[in-house]
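Asks: First, the structure itself, so that you have it in front of you.
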Amino acid sequence: MTIKENKKSALYTLIGAIILIVAGTLGTLNNEGGAYIFALIVGLACIGFCIAKLLSKNYMEIYDDGFMIEHSKKQMKFDFKDIEDISIRTFHTAKNVQVLNFKFKKNFSCEDRFNFVRFYSEDEATLPNIYEKSFYEICGILRNKFIELKEKGEQI
């Protein structure tokens, strides 16, 4: 199963940047001043970043024995046999900041660490909520595959 990155925010930012370029161009053509030239330059920079984001290939692929994350031409596969627990963790209860949390059986060395999955301890990492499906759905899918694999391992 492939879960793509949610790119709606980049699309909305692109629309805003186009509006900024139009306003900057109209102001510049009317000799209104430097603020419109600045708006034009900022709008062009925003369009460049938005197009790069929209054309990037970022996704999560879920397999029977693990999952793979690809982000900006970097990818790493995580096997369920290396994972101890998959859960949703609340970091700040007042603001209700929740993340998808992975607890690994082994510590990852610096060269093993994938910079898109954010490690906050030697054996725990979080995944940001940037995919088309909510991280509650992703957590449910991953936990089901994780439990299925555990049950198969116990039966053998």
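Asks: Residue by residue through the range 80-92, note down the ones that are open to solvent by 40 Å² or more (accessible area, probe 1.4 Å) and not aliphatic (A, V, I, L, M).
Replies: 81, 82, 84, 85, 89, 90, 91, 92
Asks: Every residue in the range 1-55 that is small (Gly, Ala, Ser), open to solvent by 50 Å² or more (accessible area, probe 1.4 Å) and not in a helix (DSSP H, G or I), please.
Replies: Matches in the range 1-55: none.
Asks: Can residue 148 be described as open to solvent by 40 Å² or more (accessible area, probe 1.4 Å), of a type outside the set (A, V, I, L, M) and modelled with pLDDT of 75 or more?
Replies: For residue 148, the condition - open to solvent by 40 Å² or more (accessible area, probe 1.4 Å), of a type outside the set (A, V, I, L, M) and modelled with pLDDT of 75 or more - is met.
Asks: Looking only at the range 51-81, count every residue that is without any contact (Cβ under 8 Å) to a residue 40 or more places away in the chain and basic (Lys, Arg) and tell me the total.
Replies: 3
Asks: What number of residues within the range 90-109 are over 20 Å from the mean Cα position of the chain (by Cα) and among the hydroxyl-bearing types (Ser, Thr, Tyr)?
Replies: 2
The values are calculated or read from the model by the stated rules, or taken from the named source; none is laboratory data. Only a predicted model underlies this, so the values are computations on that prediction, with no experimental measurement involved. Reconstructed Cβ throughout: ideal geometry from the backbone, glycine too, with neighbour counts over all protein chains shown. Side chains included, ligands, DNA and RNA excluded: accessible areas come from the protein's heavy atoms. Shrake-Rupley method; radii C 1.70, N 1.55, O 1.52, S 1.80 Å.
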